[in-house]
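Q: Before anything else, here's the structure in question.
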Amino acid sequence: GYESLTIRGLAERLGVAPMSLYRHVRDKEDLLAEVVDELLEGLWQPATGQADPRAWIAEAADRLPRFLVEQPAALRVYLRRPVTSPAALARMDAMLRVLRRICATDQEAQAAYAAIHTYTIGFAALEAARSSGYPVEESAGPLSERLAAYMSPDQFARGLAYLLGGIERSGA
């Protein structure tokens, strides 16, 4: 119900004046960004240890699109502007630390992070759009069905493995 949310309506539900909310957030978009940061903070960290950098990065990368697809309002935040919230920056810093272990230079680690991050958000956006309830048109035939199957967790993992393989080769 993000579209129907208003600061005035939220203030009314909380039993406060709208201006009291504006002391904490600039607008509805700012409020949404704060909520997304709170949600992201508790779920981006991989359970896999950093002893295996590739597995750690794969798990960290996989957690973001799952979150973005499950929380369409969060995807909206990521698609509208660069997300520089504390949780997003902590995620980026941790991923860069691990990427520096397999990349030859800091510049390569940053480029690798950018590639993984862009792939992740793009995949989440396409998966969310495709999962919005529109069936594959039967008249489109087998090619359309095959293309629709590309939006799966297995395909995400396969594409990420290609990216990580290239990153590892460039760092060797």
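The values are calculated or read from the model by the stated rules, or taken from the named source; none is laboratory data. What you see is a predicted model; the values in this text were computed from it and never measured. Reconstructed Cβ throughout: ideal geometry from the backbone, glycine too, with neighbour counts over all protein chains shown. Calculation scope for accessible area: heavy atoms of the full protein, side chains included, ligands and nucleic acids excluded. Shrake-Rupley method; radii C 1.70, N 1.55, O 1.52, S 1.80 Å.
Q: Can you work out which of the residues in region 122-148 that are open to solvent by less than 100 Å² (accessible area, probe 1.4 Å) and among the hydroxyl-bearing types (Ser, Thr, Tyr) is modelled with the lowest pLDDT?
A: Checked region 122-148; the qualifying residue modelled with the lowest pLDDT is Ser132.
Q: Let me ask another. Scan region 53-64 and give yes if some residue there is part of a loop (DSSP other than H, G, I, E, B) and within 15 Å of Leu164 (Cβ to Cβ), otherwise no. I'd like the intermediate steps shown before the answer.
A: From region 53-64, those part of a loop (DSSP other than H, G, I, E, B) are none; that's our starting set.
Checked region 53-64: no residue is part of a loop (DSSP other than H, G, I, E, B) and within 15 Å of Leu164 (Cβ to Cβ).
Q: Report whether or not Ala109 is part of a helix (DSSP H, G or I), within 18 Å of the chain's Cα centre (by Cα) and of a type in the set (Gly, Ala, Ser). Even if it seems obvious, please write down each step before you answer.
A: Details: part of a helix (DSSP H, G or I): yes; within 18 Å of the chain's Cα centre (by Cα): no; of a type in the set (Gly, Ala, Ser): yes.
The answer is no for Ala109.
Q: Let me ask you something else. Against the condition surrounded by 12 or more Cβ atoms within 10 Å (Cβ to Cβ), touching a Leu at 6+ places or on another chain (Cβ under 8 Å), without any contact (Cβ under 8 Å) to a residue 24 or more places away in the chain and within 25 Å of Ala47 (Cβ to Cβ), how does Ala61 come out, does it pass?
A: no
Q: On the given criteria, is Gln45 among the polar types (S, T, N, Q), in a loop (DSSP other than H, G, I, E, B), loosely packed, with under 15 Cβ neighbours inside 10 Å and modelled with pLDDT under 95?
A: Numbers: among the polar types (S, T, N, Q): yes; in a loop (DSSP other than H, G, I, E, B): yes; loosely packed, with under 15 Cβ neighbours inside 10 Å: no; modelled with pLDDT under 95: yes.
No, not satisfied.
Q: Shifting gears a bit: From Arg80, Arg66, Arg101, Arg91, grab the single residue that is closer than 28 Å to Val36 by Cα and open to solvent by 60 Å² or more (accessible area, probe 1.4 Å).
A: Of Arg80, Arg66, Arg101, Arg91, the one residue that is closer than 28 Å to Val36 by Cα and open to solvent by 60 Å² or more (accessible area, probe 1.4 Å) is Arg80.
Q: What are the pairs, 6+ residues apart or on separate chains, where a residue within region 155-167 that is closer than 16 Å to Leu96 by Cα has its Cβ under 6 Å from a residue that is basic (Lys, Arg)?
A: Leu164/Arg54
Q: What pairs come up if the first residue lies in region 105-121 and is farther than 12 Å from Leu160 by Cα and surrounded by fewer than 17 Cβ atoms within 10 Å (Cβ to Cβ), the second is at pLDDT 95 or above and of a type outside the set (D, E, K, R), and their beta carbons are under 7 Å apart, counting only those six or more places apart or on different chains?
A: Matching pairs, first to second residue: Gln110/Leu96.
Q: Here's something else I'd like to know. Met151 fails exactly one of the following numbered conditions: (1) open to solvent by 70 Å² or more (accessible area, probe 1.4 Å); (2) modelled with pLDDT under 95. What is the number of that condition?
A: Result: Met151 fails condition (1) only.
Q: Take the residues of region 122-133 that are in a helix (DSSP H, G or I) and over 16 Å from Tyr162 (Cβ atoms): which is nearest to the chain's Cα centre (by Cα)?
A: Once the filter is applied, the top-ranked residue is Ala124.
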